[in-house]
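The values are calculated or read from the model by the stated rules, or taken from the named source; none is laboratory data. Source: prediction; values computed, not measured. All Cβ positions, even for glycine, are placed from backbone atoms using ideal geometry, and neighbour counts span all protein chains on display. Remember, those area values only see protein heavy atoms, side chains included, never the ligands or the DNA or RNA. Shrake-Rupley method; radii C 1.70, N 1.55, O 1.52, S 1.80 Å.
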Amino acid sequence: MNNDITAVREIRYSKSSFRIVLVIYCFLAAGLAAMLIKEGPVRFLAMILLPMLIFFIAFAVYEYFRRDFTTPVITIGPQGIQDIRIAIGFIPWEHMDGVIFATMDPRTAKAATIFINAESKSRLSDGLVARIWKRSKRPRPVLIRRGQFDTQFKNIAVAVDLYYRAYKPRAKNAENSSHQPIPA
């Protein structure tokens, strides 16, 4: 992974991962269709499961043609982070109170949770404010989950961690510092 913190990383949807999902669904549908030939409870089970699987295939095909594979879904850079699945607009690093990963190590994380400052409401885009402060006086955490991207999520999580550590303003004095002395 590139450790250049001045570069902007753009993560897009991956066509190949959508195609793999479609192929898996089609093989499952073919297997269920083959089960229709048999008699007894296996045929009854196939008759129940086949329409659901056909619905999933139709939904996957719909999603495949609906998705824009050229526009970045997640953008990570010195300016901040943007996930267009949440809303249009960057969340600047200085407006974040913290980033927590589903596991302690960003390389094995399945999701990243970003906590936003309550004071940053006036400086974020209207779409982000609507999503983050939805029916609440306090900001809700922003969850960035794995998806079918052209980049592995562990690389996305490592990049978020790297940029957050590099661009998050540090506390001005020792009182506000997060470094706590360890009792002996």
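Hey, how many Å between the Cα centroid of region 1-68 and the Cα centroid of region 78-113? Region 1-68 and region 78-113 have Cα centres separated by 28 Å.
Each residue of region 148-156 was assigned a 3J(HN,Hα) from its phi angle through the Karplus expression (A = 6.51, B = -1.76, C = 1.60, θ = phi - 60°), giving 8, 9, 7, 10, 5, 5, 5, 6, 5 Hz with x at Gly and Pro.
Which value in Å is the Kirkwood Rh of the chain over different Cα pairs? Don't skip to the end; give the middle numbers.
Details: mean 1/r = 0.0514 Å⁻¹.
Here the Kirkwood hydrodynamic radius works out to 19.4 Å.
For a label point 7 angstrom out from the Cα of Ser17 toward its Cβ, which stretches of region 116-160 have the backbone nitrogen within less than 14 Å? Backbone N within reach: 144-158. Rounded to a whole number, what % of the accessible area of region 34-184 do carbon and sulfur atoms account for, probe 1.4 Å? Here carbon and sulfur together make up 59 percent of the probe-accessible area. Residues whose amide H falls under 5 Å from that of Thr151, counting only those 5 or more places apart or on a different chain, are Arg12, with hydrogens built in the peptide plane. With protein chains left intact and a 1.4 Å probe, residues in the chain average 65 Å² of accessible area per residue.
Per DSSP helix of 4 or more residues, -39500 (n - 2.57); summed, then divided by the residues of the chain. What does that give at 222 nm, rounded to the nearest 500? Walk me through the numbers on the way to the answer.
Numbers: 4 runs with 69 residues, N = 184.
Computed mean residue ellipticity for the chain: -12500 deg cm²/dmol.
So, with +1 on the Cβ of K and R and -1 on the Cβ of D and E, and no other charges, what is the size of the charge dipole of region 58-107 about its Cα centre, to the nearest 20 debye? All intermediate terms of the calculation are to be shown ahead of the outcome.
On the way: 4 positive and 6 negative charges, 45 e Å.
Dipole of region 58-107, to the nearest 20 debye: 220 debye.
Counting Lys and Arg as +1 and Asp and Glu as -1, what is the net charge of the other residues whose Cβ lies under 13 Å from the Cβ of Leu128? Write down the numbers at each step before the final one.
Numbers: positive: Arg85, Lys121, Arg123, Arg131, Lys134, Arg140; negative: Asp83, Asp126.
Spelling it out: positives minus negatives among the neighbours equals +4.
Contact order, relative form, for the chain: 24 percent (alpha carbon pairs under 8 Å, 6 or more residues apart, mean separation divided by residue count).
Inter-label distance, Asn3 to Glu39: 6.9 nm, where each label sits 7 Å from its Cα along the C-beta direction. Basic side chains Lys and Arg get +1 at the Cβ, acidic Asp and Glu get -1 at the Cβ, and with that the dipole of region 25-136 about its Cα centre reaches some 280 debye.
The alpha-carbon atoms of region 1-94 define a convex hull whose volume equals 137 cubic angstrom per residue. Of all lysines in the structure, those lying under 26 Å Cα to Cα from Lys15, and not within fewer than 8 positions of it along the same chain, are Lys110, Lys154. Modelled this way, with points 7 Å down the Cα-to-C-beta line, the labels at Ala166 and Phe115 are 2.4 nm from one another. Within the straight-line cut-off of under 17 Å between alpha carbons, the lysines reachable from Lys137 are Lys121, sequence neighbours fewer than 8 places apart in one chain being disregarded. With both labels modelled 7 Å from their Cα along Cα-to-Cβ, the Arg140 to Thr71 distance reads 2.2 nm. Across region 161-169, computed HN-Hα scalar couplings (Karplus, 6.51 cos²θ - 1.76 cosθ + 1.60, θ = phi - 60°) run 4, 4, 5, 4, 5, 7, 10, 6, x Hz from first to last residue, x flagging Gly and Pro.
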